[in-house]
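Below is one structure, written out as structure tokens; comments come after it.
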Amino acid sequence: MTAAATAMALSLSATAGFAACDDGEIVVKFAHVTNTDKHPKGIAASLLQERVNNEMNGVMCMEVFPNSTLYNDDQVLEAMLQGDVQFAAPSLSKFEQFTKVFRIFDLPFMFKDIAAVDAFQNSETGQAMKESMTRRGLLGLGFWHNGMKQMSANKPLLVPEDAKGLKFRVQNSDVLKAQMAAMGASPQPMAFSEVYGALQTGVVDGQENTWSNIYGQKFFEVQDGTTETNHGVLDYMLVTSTDWWDSLPEDVRNQLATIVNEVTESRNAAVGEVDDAARQAILDAGGVIRELTPEQRNAWLVAMKPVWDEFEGDVGADNIAAAQSFNA
Ligand code: LMR
């Protein structure tokens, strides 16, 4: 792809897929579900596309399909195994069919902040998780940060009792379903692209997500407010198919791996700024954000933490201890 075509592709890819690759180039389709503006994944995917198309021009050509325009997260991993898409970055909650090791990231209050998440992911235990699905045909190329999750609903949420009896959209994860049940709420698994409509029409009362997703999908517009609970993490695994990866010529694979690693490192280091900008954008647009006192936040911890016991067998007590060591 030429530089001009790349520029055109970047602007087109903000809304939909495109076909601007040259004959003979290895085409890499990257499907994801978020917006590209003020979003850690959207920005990282666009940067990856730009670098691949500039630095590997003539050899490889990346097309990014954001906003669930090609696949949603329930479809994308099967499509990858069929060879219909080469890159995806689903949240760590979306790999339940392939591995249980990522459940540690869904456990509420496991990590005190994104720096602790980063340190755990970069530890030996975390890095080994990238290869936890190779027997199933998927290879993790890197953890991508999004951020800490907040809770929103159609009424103010200050203590866990406020969530009792409400229906909360969750990603399709057993841990997240158990977390909502622990608060006496009813978990409703649903694809990301359907959440805004479900909140708007009252199919669900609330949801949990990061600032960039609450801003990007405009959830704040159809909720009473968002409570800054920072109760869990939502991060991604940039993933590819082992068959496709192994089929690449070695020099091409190495160059792509280098670009992936550099983009991963630089965008993960910048995630705090993106997160803060999305939070501020919600306020600027008139959204309500409620902060908690330490006592109120502790009440959410007390309500949710019993969920750990239920999943310790899947996650491993040693992994939990390793994760906790980064909160010090
Ligand atoms: C969600 O489904 O809420 C998130 O996983 C979406 C995303 O990719 O951030």
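Readers should treat all values here as calculations from the given coordinates under stated rules, not as data from a laboratory. Here the structure is a predicted model, which means the values were calculated and not measured. Neighbour counts are summed over all protein chains in view; Cβ atoms, including those assigned to glycine, are modelled from backbone coordinates with ideal geometry.
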- Query: Expressed in nm to one decimal, what extension gain is obtained for the pair residue 82 and residue 293 from 0.36 nm per residue of sequence separation less their Cα-Cα distance?
  - Reply: 71.0 nm
- Rounded to the nearest whole number, the Stokes-Einstein translational diffusion coefficient of region 16-130 at 4 °C and 1.567 mPa s (Kirkwood radius, C-alpha pairs) in µm²/s is 82
- region 191-211 and region 76-154 have their Cα centres apart by a whole-number Å value of 22
- Give the relative contact order (percent, whole number) for the chain; include only Cα pairs under 8 Å separated by 6+ residues. 24
- Note on the structure: On the formula 1/(1 + (r/R0)^6), with r taken between the Cβ atoms of residue 309 and residue 228 and R0 of 22 Å, the FRET efficiency rounded to 0.05 is 0.25
- Query: Dividing the convex hull volume of the Cα atoms of the chain by its residue count, what figure in Å³ per residue is obtained?
  - Reply: 123
- Considering only region 148-294, what is the antiparallel percent among its DSSP beta bridges, to the nearest 5? 50
- Filter the trypsin sites (Lys or Arg not before Pro) in region 159-255 to those in DSSP coil with at most 15 other Cβ atoms within 10 Å of their Cβ, and list the result. 164
- Task: Just round it to a whole percent: the fraction of Cα-Cα distances in region 171-328 exceeding 23 Å.
- Result: 55
- With T = 10 °C, eta = 1.306 mPa s and Kirkwood Rh from C-alpha pairs, the Stokes-Einstein D of region 28-75 in µm²/s is about 144
- Query: Sorted from fewest to most neighbouring beta carbons within 10 Å, what does the list 236, 215, 71, 196 look like?
  - Reply: 196, 71, 236, 215
- Message: Contact order normalised by length for region 40-90, with contacts defined as Cα pairs under 8 Å and 6 or more residues apart; what percent is it?
- Response: 26
- Message: Helix-only mean residue ellipticity at 222 nm, the chain, DSSP H runs n ≥ 4 weighted -39,500 (n - 2.57), per residue, nearest 500. What is it?
- Response: -12500 deg cm²/dmol
- Residue span residue 247 to residue 194: 0.36 nm per residue of separation minus Cα-Cα distance leaves a gain in nm of 15.5 nm
- Task: Can you give me the three principal axis dimensions of region 163-262 from its C-alpha atoms, in Å, biggest first?
- Result: 55, 26, 24
- Query: Between residue 161 and residue 134, what is the FRET efficiency for a Förster distance of 41 Å, r being their Cβ-Cβ separation, to the nearest 0.05?
  - Reply: 0.40
- Task: Please identify every one of the trypsin sites (Lys or Arg not before Pro) in region 260-298 that sits in a loop by DSSP and has no more than 14 other beta carbons within 10 Å of its own beta carbon.
- Result: none
- Message: Tell me the relative contact order for region 188-328 as a rounded percent, counting alpha carbon contacts under 8 Å between residues six or more apart.
- Response: 33
- Message: Test of the criteria: in region 241-321, which chymotrypsin sites (Phe, Trp or Tyr not before Pro) are in a DSSP loop and have at most 14 other Cβ atoms within 10 angstrom of their Cβ?
- Response: none
- Task: Among DSSP beta bridges lying fully in the chain, give the percent that are antiparallel, nearest 5.
- Result: 55
- Determine which lysines satisfy two conditions relative to residue 149: a Cα distance under 27 Å, and not lying fewer than 8 residues away in the same chain. 38, 41, 94, 100, 112, 130, 164, 167, 177, 218, 305
- Message: When only alpha-carbon atoms are used, what values of Rg and Dmax, in angstrom, describe region 56-123?
- Response: 15.4, 47
- The Cα radius of gyration of region 220-312, divided by 2.2 N^0.38 Å with N its residue count, comes to 1.62
- Between residue 68 and residues 5 or more places away or on another chain, the pairs with built amide H atoms under 5 Å apart involve 32, 33, 34
- So residue 280 and residue 122, fully extended at 0.36 nm per residue minus their Cα-Cα distance, gain in nm 54.0 nm
